[in-house]
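K.L.:
Take a look at this one; I'll ask things after.
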Amino acid sequence: MIFKESKLKGLFIIEPTIFKDDRGYFFESFNNKHFEQKTGFSVNFVQDNESKSQKNVLRGLHFQNNPFAQGKLVRVIQGSVLDVAVDLRKNSKTYGQHIKEIISAENKRMMYIPEGFAHGFATLENDTIFSYKCTNYYHKDSEDCILYNDPLLNIDWNVNSPILSEKDKLGKKFSSFVSKF
């Protein structure tokens, strides 16, 4: 596996080693020993989530506040997404900055998003299956959402008319957001 730390400290793009032959392919999607060696993070994934979405669905920008903050290891099983993470760590040099990455069933890339980031994705194909591991359990009272199209964040989602949930339509403006990270 190749681990590349992004411009946002602690956030990694992971490219697995894929073994292909005439039968198909095989790859390790997670190895705790390699993960700790390459990232310096000791993680304990406690919950796996999966969603299926049609093209142009936009989910985000979501996070959970402390003490229920979550680190996430995200990947796509079918289809493709534009994956986005925003740094919410108020003492970080990259506070308010974001990273975007195309993650797909074809390229098999993964992204590790540590606690202190908002996360979202826009689906680029119909029937996209998105999967992620979490370091903490879902806790409704701790969940939060920042408006996906906030002008201060200036994220180009590459989607003209995103399909949104009511929660995502009502996300907080970044200018009024007070980080607890």
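The values are calculated or read from the model by the stated rules, or taken from the named source; none is laboratory data. Keep in mind that this is a model prediction, so the values were computed, not measured. Cβ placement follows ideal geometry from the backbone for every residue including glycine, while neighbour counts extend to all protein chains displayed. Ligands, DNA and RNA are stripped out before the accessible areas are found, and what is left, the full protein with its side chains, is counted by its heavy atoms. Shrake-Rupley method; radii C 1.70, N 1.55, O 1.52, S 1.80 Å.
K.L.:
Based on this model, can you work out whether Lys93 counts as more than 23 Å from Glu143 (Cβ to Cβ) and either under 10 Å from the mean Cα position of the chain (by Cα) or charged (D, E, K, R) (or both)?
P.N.:
Spelling it out, Lys93 is indeed more than 23 Å from Glu143 (Cβ to Cβ) and either under 10 Å from the mean Cα position of the chain (by Cα) or charged (D, E, K, R) (or both).
K.L.:
Scan segment 119-129 for residues that are hydrophobic (A, V, I, L, M, F, W, C) and farther than 15 Å from Leu164 by Cβ and jot them down.
P.N.:
Of everything in segment 119-129, those that are hydrophobic (A, V, I, L, M, F, W, C) and farther than 15 Å from Leu164 by Cβ turn out to be Leu124, Ile129.
K.L.:
Do you know which residues across segment 168-179 are over 19 Å from Tyr95 (Cα atoms) and either of a type in the set (A, V, I, L, M) or open to solvent by 90 Å² or more (accessible area, probe 1.4 Å) (or both)?
P.N.:
Listed by number, the residues that qualify are Lys169, Leu170.
K.L.:
When you go through Asn91, Asn126, Asn158 one by one, which is the residue that is open to solvent by 80 Å² or more (accessible area, probe 1.4 Å) and modelled with pLDDT under 95?
P.N.:
Answer to the selection: Asn158.
K.L.:
Please go through segment 22-45 and pick out each residue that is open to solvent by 70 Å² or more (accessible area, probe 1.4 Å) and part of a loop (DSSP other than H, G, I, E, B).
P.N.:
The answer is Asp22, Arg23, Glu28, Ser42, Asn44.
K.L.:
Is at least one residue of segment 75-91 in contact with a helix residue (DSSP H, G or I) (Cβ under 7 Å, 6 or more places away or on another chain) and in contact (Cβ under 8 Å) with a residue 12 or more places away in the chain?
P.N.:
Scanning segment 75-91, I find no residue that is in contact with a helix residue (DSSP H, G or I) (Cβ under 7 Å, 6 or more places away or on another chain) and in contact (Cβ under 8 Å) with a residue 12 or more places away in the chain, so the answer is no.
K.L.:
Now for a different question. Return yes or no: is Lys108 touching a strand residue (DSSP E or B) at 6+ places or on another chain (Cβ under 8 Å), surrounded by fewer than 19 Cβ atoms within 10 Å (Cβ to Cβ) and assigned to a strand (DSSP E or B)?
P.N.:
no
K.L.:
Could you list, ordered by first residue, the pairs with Cβ atoms under 9 Å in which the first is in segment 141-166 and more than 19 Å from Glu115 (Cβ to Cβ) and the second is hydrophobic (A, V, I, L, M, F, W, C) and surrounded by fewer than 17 Cβ atoms within 10 Å (Cβ to Cβ), at least 6 apart or interchain?
P.N.:
Leu147/Leu170
K.L.:
Condition first: within 25 Å of Phe181 (Cβ to Cβ) and in contact with a Pro (Cβ under 7 Å, 6 or more places away or on another chain). Can you find one or more residues in segment 116-130 that meet it?
P.N.:
Yes: segment 116-130 contains one or more residues that are within 25 Å of Phe181 (Cβ to Cβ) and in contact with a Pro (Cβ under 7 Å, 6 or more places away or on another chain).
K.L.:
While we're here: Identify, from the list Ser42, Ser51, the residue that is without any contact (Cβ under 8 Å) to a residue 24 or more places away in the chain and either among the hydroxyl-bearing types (Ser, Thr, Tyr) or touching a helix residue (DSSP H, G or I) at 6+ places or on another chain (Cβ under 9 Å) (or both).
P.N.:
Values: Ser51 fails: without any contact (Cβ under 8 Å) to a residue 24 or more places away in the chain.
None of the others qualify; the one that does is Ser42.
K.L.:
Could you check Val57 against (1) over 13 Å from Gly116 (Cα atoms); (2) in contact with a Phe, Trp or Tyr (Cβ under 7 Å, 6 or more places away or on another chain); (3) in contact (Cβ under 8 Å) with a residue 60 or more places away in the chain; (4) not small (Gly, Ala, Ser) and say which number it fails?
P.N.:
Only one criterion is unmet by Val57, namely (2).
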